[in-house]
Amino acid sequence: MEVIKRKWAYAAVAALLIFLILLPFDWFLGRYTFLMVFIGINTIVTIGLCLLMGYTGQVSLGQAAFFGMGAYVSAILSKTYDVNPWLAMLIAAASTGAFAYVIGYPVFRLKGNYLAMATLGLGIIMYILFRQMAQYTGGPDGMGGIPYLSIGGFVFDTPFRRYFLVWFVCLVIILISQNMIRSRTGRALRAIHTSEAAAQSIGVNVTQFKVKVFVLSAVYASVAGSLFVHHLRFVSPQPFDFLASVTLITMAVVGGLASIWGAIFGAATIKLISDEILVELGQVNAKLADLDVVIFGLILMLVMIFMPKGLFVSLRDAFDSWRKKRALRGVKS
Amino acid sequence: MRQTILDVKGLSKAFGGLTAVDNVDLSVEAGKITSIIGPNGAGKTTLFNLVAGVYMPTTGEILFEGKPLGTTPPHKRAALGIARTFQNVLLFDNMTALENVMTGQHPRSRYGFFEAALRLPKAHREEETISLNARKYLNLVGLGMYGDRNPLSLPLGQQKLLTIARALATEPRLLLLDEPGAGLNALEKQSLSELIRRVRDMGITIVLVEHDMDLVMGIAEWVIVLDSGQKIAEGTASQVQKDKRVIAAYLGEEEVIE
């Protein structure tokens, strides 16, 4: 049964890869290329949240802070100080990771609701800093003219090129996250989720592993932030506000908190709702575009109540049991 | 002199006004099965938590293999060779039975995030050893065929055996069992006793806290009796059973009317 299951999983991954490769061509879904870059970027942040929340059981309501940190460090270094964008991306990831490490130890003295409040506060503080440190960040108006990424003479100056760059990074992050979850480290994280007392009793340094996964999720968010500014060539505080953190959590929940592949599904679903359906509605009546808060809140509630494992995981489980039933019927007849 | 693995000296633990463990001295002989018994609220589980490092003592000290444990945190005590199980099982329900036991190998493996993420040979090698050892312990407790099952889908008796397998996977020299017999039927208790003896024969010292007197009297080679946080008696099972203070603690004091 396990072998058959794995066969189906490989087939699904292969199908997804083919779909992703063909998608940006004009004769297929080319008009969504620009949007798909954003979906890839959101997927990267969501994977970090899945590792932190879904596997380790630690909530973060301030993930947009790290996303924004990566974005601003990349933007300021590459534009204002003419640093090579790749180097800027590396510096952004390292400094965001270091920042998460330093605040991780005090933050993870807290649990449950208190941890949620602390991370919420972190998100709000960072958002205020992005707005107020105007001489560096451009303040609420933001800053433009951020250079494109390039390799040698090859410049990622079209959405088509950036699409492949972002999804390459995204798939690499999926791969290493999957490997990690199935490893000694991954088991320690999942152990912490169920019982910290039991995890300690078998030698897991609970605080250290919580901080580690927090740093990892911050680095993922930072890399996503860097890709974001080099895609849009513009940065402003708004994409990193509190609603952004909630949207990211909604993506993780829709995908299924404890599912890495689900992150793509969650990010795509929520991004399509906010950028396609709500924008369409906004053209009918401007007030309808502000419904996103209500809709995401509703999705979050409904999924948590009716499909606590997430939409993606529930659909996958339903497919598995349907196949199992069919196989059993085949044996009987 | 007989060799001890665990020495507790003048150990006290107070929670606010309540002294749960009160000036206890005891020694556990290496390679033996020692049982700590006592009525409800006698401080047995508190004593366990002190040895495992969940609580820090108010006064007194605990020596493991002659070295004071001091303020060593629980996860480091596991690495030193002290393993434990819990009254309320606490299995990891987000992984398979085999993975639960594999998690127990944590302190005996080293590879970290980078080796895992990039699937370096070191990760591969260690992972092979981990799963081989985990299967060995799963087979030892007789759950070899349930490796792929979710631990919570197993009956309570097997869940308790699984927690023992998980604790054994940390390759301890001292194993603390907190009420392993609670909630088990007669048959399950019998196989539990056999398992505990087999673990002892592997050279692992066992200390168990247990309410079930039949189980204790059947396997314990040394019994320590606690009441109201104090040690009131110790000896072999039959010695303790005859001790007046033990009988009084369990059945109530005989009123002396003058």
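Each reported figure results from applying straightforward, stated rules to the coordinates on display, with no laboratory input. Note that this is a predicted model, so its numbers are computed, not measured. Heads up, the Cβs are rebuilt from the backbone with ideal geometry, glycines too, and the neighbour counts pull from every protein chain shown.
Close amide-amide hydrogen proximity is noted between A:Q58 and A:M53, each under 5 Å apart and 5 or more residues distant or on a separate chain (H modeled in the peptide plane; Pro and chain starts excluded). Computed about its Cα centre, the charge dipole of segment A:32-332 is approximately 1420 debye, with only Lys, Arg, Asp and Glu carrying charge at their Cβ.
Starting from the exponent 0.38 and prefactor 2.2 Å, build the expected Rg for chain B from its residue count and divide its actual Cα Rg by it. Before the final figure, lay out each step's value.
On the way: Rg = 19.5 Å, N = 258, 2.2 N^0.38 = 18.1 Å.
Rounded to two decimals, the normalised Rg is 1.07.
Taking a ≥ b ≥ c as the square roots of the eigenvalues of the Cα gyration tensor, an a/c ratio of 1.5 or more together with a/b no larger than b/c marks segment A:208-333 as oblate. Going by Cα centres, segment B:19-78 and segment B:187-258 are how many Å apart? Centre-to-centre distance over Cα atoms comes out at 17 Å. Return the whole-Å distance between the Cα centroid of segment A:144-217 and the Cα centroid of segment A:33-73. For segment A:144-217 versus segment A:33-73, the Cα centre distance is 10 Å. Shown here are the Rg and Dmax of the Cα trace of chain A, at 20.4, 75 Å.
Can you list the equivalent-ellipsoid semi-axes of segment A:65-178, largest first and in whole Å, using the square root of 5 times each Cα gyration tensor eigenvalue?
28, 20, 12
Jot down the per residue volume, in cubic angstrom and as a whole number, of the convex hull over the alpha-carbon atoms of segment A:152-211.
On the way: hull volume 7.0 nm³, N = 60.
Per-residue hull volume (Cα only) is 117 Å³.
Which loop chymotrypsin sites (Phe, Trp or Tyr not before Pro) in segment A:7-75, with loop taken from DSSP, have no more than 14 other Cβ atoms within 10 angstrom of their Cβ? The partial results should precede the final answer.
Details: sites: A:W8, A:Y10, A:F19, A:F25, A:W27, A:F28, A:Y32, A:F34, A:F38, A:Y55, A:F66, A:F67, A:Y72; in loops: A:F25, A:W27, A:F28.
When the chymotrypsin sites (Phe, Trp or Tyr not before Pro) of segment A:7-75 are filtered for loop state and at most 14 Cβ neighbours within 10 Å, A:F25, A:W27, A:F28 remain.
Extending 7 Å from Cα along the Cβ direction at B:E65 and again at B:K9 yields two label points whose distance is 1.9 nm. Taking amide hydrogens as placed 1.01 Å from N in the peptide plane, the amide H of B:L208 sits under 5 Å from those of B:T34, B:S35, B:I36, B:L177, each at least 5 positions away in sequence or on another chain. Once C-alpha pairs closer than 8 Å and six or more residues apart are averaged by separation and normalised to the residue number of chain B, the relative contact order reads 27 percent. Looking at segment A:1-116, what % of the alpha carbon pairs are farther apart than 16 Å? Roughly 74 percent, rounded to a whole number. Here segment A:297-312 is scanned for amide nitrogen atoms under 11 Å from the site 7 Å beyond the Cα of B:N150 along Cα-to-Cβ, giving A:309. Toward the positive end of the charge dipole of chain A, about the Cα centre and with charges on Cβ (Lys, Arg +1; Asp, Glu -1), which of A:F209, A:F296, A:G68 goes farthest? Of the options given, the answer is A:F209. Of the cross-linked pairs B:K76/B:K160; B:K13/B:K44; A:K111/B:K160, which ones have a Cα-Cα span greater than 18 Å in the structure shown? The pairs that break the limit, which is 18 Å between Cα atoms, are B:K76/B:K160; A:K111/B:K160.
Kirkwood Rh, segment A:214-275, all Cα pairs: how many Å? Write out the running numbers ahead of the final one.
Working: mean 1/r = 0.0798 Å⁻¹.
After inverting the pairwise mean of 1/r, the radius is 12.5 Å.
Would you mind putting B:91-98, B:119-126 in packing order, based on average other-beta-carbon counts within 10 Å, highest first?
Working: B:91-98: 20.9, B:119-126: 14.6.
With the highest mean Cβ count within 10 Å placed first, the list reads B:91-98, B:119-126.
Extension gain for A:I21 to A:T158 (0.36 nm times residue separation, less C-alpha to C-alpha distance): 47.7 nm.
Using a 10 Å cut-off on Cβ to Cβ distances, tally the other chain neighbours for every residue of B:114-127 and report the average as a whole number. Can you show the working numbers first?
Values: counts 3, 5, 9, 11, 4, 5, 0, 0, 0, 5, 0, 0, 2, 3.
Across B:114-127, the average partner-chain Cβ count within 10 Å equals 3.
Two numbers describe the Cα atoms of the protein assembly as shown: Rg and Dmax, which are 28.7, 106 Å. Note on segment B:1-125: Cα Rg divided by 2.2 N^0.38 Å, N the number of residues, gives 1.30. Computed over chain A, the per-residue total of -39500 (n - 2.57) for DSSP H runs of n ≥ 4 gives a 222 nm mean residue ellipticity of -23500 deg cm²/dmol, rounded to 500.
Placing +1 at every Lys and Arg Cβ and -1 at every Asp and Glu Cβ, with all other atoms neutral, what dipole size does the protein assembly as shown have around its Cα centre, in debye to the nearest 20? Spell out each step's value before the answer.
On the way: 55 positive and 44 negative charges, 364 e Å.
Here the protein assembly as shown has a charge dipole of around 1760 debye.
Couplings for segment B:93-98, taken from phi via the Karplus curve 6.51 cos²θ - 1.76 cosθ + 1.60 with θ = phi - 60°, read 7, 9, 8, 6, 4, 4 Hz in order; Gly and Pro are left as x.
Projecting the Cα atoms of B:L161, A:T269, A:A286 onto the charge dipole of the protein assembly as shown, computed from C-beta unit charges around the Cα centre, puts A:T269 farthest toward the positive end.
Relative contact order of chain A, taken over Cα pairs closer than 8 Å and 6 or more residues apart, is 29 percent. Computed 3J(HN,Hα) for segment B:199-210, one whole-Hz value per residue from the Karplus formula 6.51 cos²θ - 1.76 cosθ + 1.60 where θ = phi - 60°, is 5, 4, 5, 7, x, 9, 6, 10, 10, 10, 9, 8, glycine and proline marked x.
If you scale each eigenvalue of the Cα gyration tensor by 5 and take the root, what three semi-axes come out for segment B:166-258, rounded to whole angstrom and sorted largest first?
Here the semi-axes work out to 29, 14, 12 Å.
Placing unit charges on the Cβ atoms of the charged side chains and taking the dipole of the protein assembly as shown about its Cα centre, the candidate lying farthest along the positive direction among A:A258, B:P73, B:L91 is A:A258.
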